[in-house]
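Report on one structure; see the data block that follows.
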Number of protein chains: 2
Amino acid sequence: MAKKRQTTLTDIAARVGVAPMTVSRVINHNGYVSDGTREKVLEAVKDLNYRPNGVARNLKRQRTETVGLVLGDISNPYSAEIASAVRDSLTIRGYNLFICISEHSAREDISAFESLADHNVDGIIVATRANKEGNERLARIADSDLPIVVVGRDFHHDQVDYISADNLSGGFEATQHLIDLRHKRIGFIGAAYEDRHTLKRLEGYLRALDAHDIEVDPRLITGRKESAWDVPGYSTESIGYEGMKRFLSLPNRPTAVFARNDFTAVGAMTAVKEAGLSIPQDVAIVGFDDTALALHTIPPLTTVRQPMRLQGQLAAEMLLRRIDDDSSTREERILDCELIIRESTVVKN
Amino acid sequence: MAKKRQTTLTDIAARVGVAPMTVSRVINHNGYVSDGTREKVLEAVKDLNYRPNGVARNLKRQRTETVGLVLGDISNPYSAEIASAVRDSLTIRGYNLFICISEHSAREDISAFESLADHNVDGIIVATRANKEGNERLARIADSDLPIVVVGRDFHHDQVDYISADNLSGGFEATQHLIDLRHKRIGFIGAAYEDRHTLKRLEGYLRALDAHDIEVDPRLITGRKESAWDVPGYSTESIGYEGMKRFLSLPNRPTAVFARNDFTAVGAMTAVKEAGLSIPQDVAIVGFDDTALALHTIPPLTTVRQPMRLQGQLAAEMLLRRIDDDSSTREERILDCELIIRESTVVKN
DNA sequence: TGGTATTAAGTTAACGTTAACTTAGATTTA
DNA sequence: TAAATCTAAGTTAACGTTAACTTAATACCA
């Protein structure tokens, strides 16, 4: 019941018979301490299994050497790569990373921001999808001068840096590629038409159609049936599978499909094959992200590669710069995507 | 340069002309405060964009209402499900979750433990793979009475609860299934023979072979070529693909393969199909985890389902119990797995 | 009407650490 | 040899908050 009190620096000091400050100096390797004293202190530290209280230290030092990262969905290669790259960059600089996941809920988004801000992290990287309530709260936190960088999320604030892959032109290129292959009826799976302003990939698709005077058929845009109240989530295999099924049952089915991401594309492929149709002859498919999976689908998936690690790395660097110098002006970086053409759109010769 | 000082509770108190304690009472909704005072305080809070300093609060309260979760690899559905379930259970109880990723390095494992312990989290859930240095450090942290629960990781300590899926019998059943189908040459992809003591799935495979007097052929066990110095990582599509390629080039190739997880199985399937062989007629394949992917492979993948969310949920509950009552005795729970038979091993009739 | 409860505060000290300053002996330098 | 510097400490106060206690006015009840 009664939690055993943790050993404190003062306990060590008392045991060794020195001032707490001397112990602090030993722990932090600074200031002058004689070898004899140092040894005695270290011995006591070991004996009592002492562990510095980071909370107290942080309170005194007014910084935590910790950065928060808010992800919408952990089961997403994009999130994973971002997190891994952010972590690597931070580790080099001696920062810790705490990750919070919001499960694509505005409420959880906010609670993640709050809990990180409350723990006095030195900065926050936000890589969740934009939503109104979340943006408002984020703006308030940014107002209070906590360094923030957003990744791939629509958000504008004077003191918040922004980094993203160019999803718009990625979506454009993917669709353009299908148009170049003479497809006229091209479907989009993974979002609803209403998402066109927040989902750049869909917007890119629409713009490509428009650029070639292909009329948009709303039946060729499909995603989750129910629109969640707050934030659209990640699109999955099932969504791809079901979306494709709907397309195949149309009187005039699409001959090509642009899926919002590779998982959705894989689901769509399953549906096509189940219907006894072939890829790409009957239906050509393009994914997005170039995940590890894309090489291992049958046939290998044409997809748009976005620089994930680079986004994470740059986000970390931008944040650290802002932590070091909070007077820096807003920076915005949009990174190029690359269309990777494989056999789900073009027959190998 | 000079970071603007955060507004503190004392600033609010000074502005309103009350004692800091009164502001504290307003913020925390406890104690007696008159409506008039409360309103004035809340107004000042809003005006000054005040945000309570969690570090100071934690120091005083001696608890953080935060739990740490250490994951080996974020890009792993297992990790993702665990994290999501843990988070859900904690959120209900008002706890925050901070996730650290160790990238399967013992050093990073340790640094995650330390950084969480230093931040005075109220407990830690560890779901990384076991390693010697990490275990030692974990034991020291457990010695200092910080509540800890390990998930799917070999670790024994009087005050540390343990939860895992029954990977041993899962591996056994998967292999048994292949043996029942009259396979004699059964390969394992995803780990090296040396891992047999730490990797229960491999051990289950070996025991099943042994139970049916099938001799173990070391060439039929393959994983990453170089054995990392510290912790074996997650097994991927590429490992499955390359492992299967090696198998197929053997003079006496296996007729069935048990892959350490679904991703590895998918890679193996690609290699089989590339070689012009069919599944399951030429090579039967079993995966592990029953990820979303398994339904969408061609043919659908036979795999072992482990209760991921349940593990996360129970881990959270065990930890909270231990946080509430640190005198509780060690608890160990091993959850059943379930073999899901699909068409990668059995032809649909 | 006196005495107990209730309400609305204020006061003090402490959580564990460390920045900044002070002390004082030992060593070096001019 | 006196002054300056270096080394090895100790002392004080503060980081921002809140638990525990105190004070004092008002309300309530027999």
| task | Scan segment B:310-332 for residues that are surrounded by 15 or more Cβ atoms within 10 Å (Cβ to Cβ) and charged (D, E, K, R) and jot them down. | result | B:E317, B:R321, B:R322, B:D326
| note | Of the candidates A:E43, A:E39, the one satisfying the condition of being within 13 Å of DNA strand D (Cβ to nearest atom), modelled with pLDDT of 95 or more and surrounded by fewer than 14 Cβ atoms within 10 Å (Cβ to Cβ) is A:E39
| For the subset of segment A:249-286 comprising residues that are touching a Phe, Trp or Tyr at 6+ places or on another chain (Cβ under 8 Å) and among the charged types (D, E, K, R), which member is farthest from the other protein chains (Cβ to nearest Cβ)? | A:R253
| query | Is one or more of the residues making up segment B:63-75 surrounded by fewer than 20 Cβ atoms within 10 Å (Cβ to Cβ) and of a type outside the set (D, E)? | reply | yes
| note | Out of (1) of a type outside the set (G, A, S); (2) farther than 24 Å from B:L146 by Cβ; (3) crowded, with 21+ Cβ neighbours inside 10 Å; (4) within 16 Å of DNA strand D (Cβ to nearest atom), the one A:Y78 does not meet is (4)
| request: Can you work out which of the residues in segment A:333-349 that are touching a strand residue (DSSP E or B) at 6+ places or on another chain (Cβ under 8 Å) and basic (K, R) is surrounded by the fewest Cβ atoms within 10 Å (Cβ to Cβ)? | output: A:R333
| note | With criteria (1) more than 7 Å from DNA strand D (Cβ to nearest atom); (2) modelled with pLDDT under 95, B:P52 comes up short on (1)
| task | Go through segment A:153-166 and count every residue that is within 14 Å of the chain's Cα centre (by Cα) and over 15 Å from A:L319 (Cα atoms). | result | 3
| Cβ-Cβ below 6 Å, separation at least six or inter-chain, first residue in segment B:5-33 and within 11 Å of DNA strand C (Cβ to nearest atom), second β-branched (V, I, T) and assigned to a loop (DSSP other than H, G, I, E, B): which pairs? | B:R25/B:V33; B:V26/B:V33
| field | Candidates A:A316, A:A294 - the one that is under 28 Å from B:L301 (Cβ atoms) and touching a residue at least 12 places away in the same chain (Cβ under 8 Å) | value | A:A294
| Regarding A:A211, is this residue of a type in the set (A, V, I, L, M, F, W, C) and closer than 15 Å to A:A259 by Cα? | no
| field | Number of the exception - A:Y32 against (1) out of contact with any helix residue (DSSP H, G or I) (no Cβ under 6 Å at 6 or more places or on another chain); (2) in a helix (DSSP H, G or I); (3) more than 19 Å from A:K60 (Cα to Cα); (4) more than 14 Å from chain B (Cβ to nearest Cβ) | value | (2)
| query | When segment B:1-36 is examined, which residues are found to be away from DNA strand D (no atom under 12 Å from the Cβ) and exposed (fewer than 13 other Cβ atoms within 10 Å of the Cβ)? | reply | B:M1, B:A2, B:G17, B:D35, B:G36
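Per-residue answers, yes or no, for (1) modelled with pLDDT of 95 or more; (2) surrounded by 22 or more Cβ atoms within 10 Å (Cβ to Cβ); (3) under 25 Å from B:G240 (Cα atoms):
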{"site": "A:M244", "(1), (2), (3)": "yes, yes, no"}
{"site": "A:L250", "(1), (2), (3)": "yes, no, no"}
{"site": "A:P254", "(1), (2), (3)": "yes, yes, no"}
{"site": "A:A271", "(1), (2), (3)": "yes, yes, yes"}
{"site": "A:Q281", "(1), (2), (3)": "yes, no, no"}
{"site": "A:I285", "(1), (2), (3)": "yes, yes, yes"}
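The values are calculated or read from the model by the stated rules, or taken from the named source; none is laboratory data. Since the structure is predicted, the reported quantities are computational estimates derived from the model, not experimental observations. Neighbour counts run over all protein chains shown; Cβ positions are idealised from the backbone, glycine included.
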